[in-house]
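For reference, the structure discussed in these notes is given below.
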Amino acid sequence: MSAKQRAARARFKAAVAEAKKLRKKNPKLTNTQALRQAFAISYGKKRAKVGAAKKSKPTSDMHKDTKSHNVNIRVVSGWKKGKTKFVEKGEKRPKRNAILVKRSSGAFSSFKRIAGVGKMNDNKQLTQIASESKLKSAVIRILKDKAKDYKGDYKTLFDEILRYGLESGIISDLVYYDDTKAWFKKYNSDISILLKDTMYELGANSPSQVFGKKWDETDPFANDTNNQNLLAWFSFEETTKEIANRLGYEI
């Protein structure tokens, strides 16, 4: 586990602790509502610290990945059909302006920062995307709600979702097993299509080749909690990636 992943996990634990305090103060709050408020507080403090740091010492918005990723899986750079590139461990890394993004699925993609893109003001386009499936509609609804914690900064929101994955707890609607299992069952049809397409694009013969050791091979039909939770996170992350791509981000 990298330092950033440990930091994300620590932030999630802190948010859970803060959520418990909020529920004590206001018992009417549900677990999800309390956790959402806790994360809003957490990210608010984080942005305040970053803003203070920028005033004292200018920093570049470009991330330089200087550490190697000790992972025993193939790194995927680009997911479009016919353009998927597999980068084996030890091979030349992606372009300098690309950030390796590890999602909860265990796979990687690159997130390229493009100046002036990502304001997500085209409501007509969002409406069109949302109409394509129930899954996309649900993801867009949550993204719009979550963006309020970022003062409408969708660029940072997409970056954090795709960099740390949902296992960091960034999307409070999909933290608890009860929520992820319900999500999986509600959008099972769309998730199955998404998984099938991803396997085809990667040349994978089974979900374990997509998710690695995180996939419980004794549960091939995702009847149990572990694989259902994994697929719920996978569906949100992959849909977010597609939405970001279609709105002007190069993933």
Worksheet item: residue 190: over 24 Å from residue 33 (Cβ atoms), at pLDDT 95 or above and part of a loop (DSSP other than H, G, I, E, B), yes or no?
Response: no
Item to complete: Taking only region 135-183 into account, find how many residues are among the aromatic types (Phe, Trp, Tyr), more than 14 Å from residue 239 (Cα to Cα) and buried (at least 19 other Cβ atoms within 10 Å of the Cβ).
Response: 2
Worksheet item: Would you pick out the residues in region 137-160 that are not in a helix (DSSP H, G or I) and not acidic (Asp, Glu)?
Response: 151, 152
Worksheet item: Of the residues in region 161-187, how many are assigned to a helix (DSSP H, G or I) and either in contact (Cβ under 8 Å) with a residue 60 or more places away in the chain or out of contact with any Ser or Thr (no Cβ under 9 Å at 6 or more places or on another chain) (or both)?
Response: 15
Worksheet item: What are the residues in region 215-229 that are out of contact with any helix residue (DSSP H, G or I) (no Cβ under 6 Å at 6 or more places or on another chain) and not in a loop (DSSP other than H, G, I, E, B), if any?
Response: 226, 227
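The values are calculated or read from the model by the stated rules, or taken from the named source; none is laboratory data. Just so you know, these numbers come straight off a predicted model, no measurement behind them. Glycine also receives a Cβ, built like all others from the backbone with ideal geometry; neighbour counts cover every protein chain displayed.
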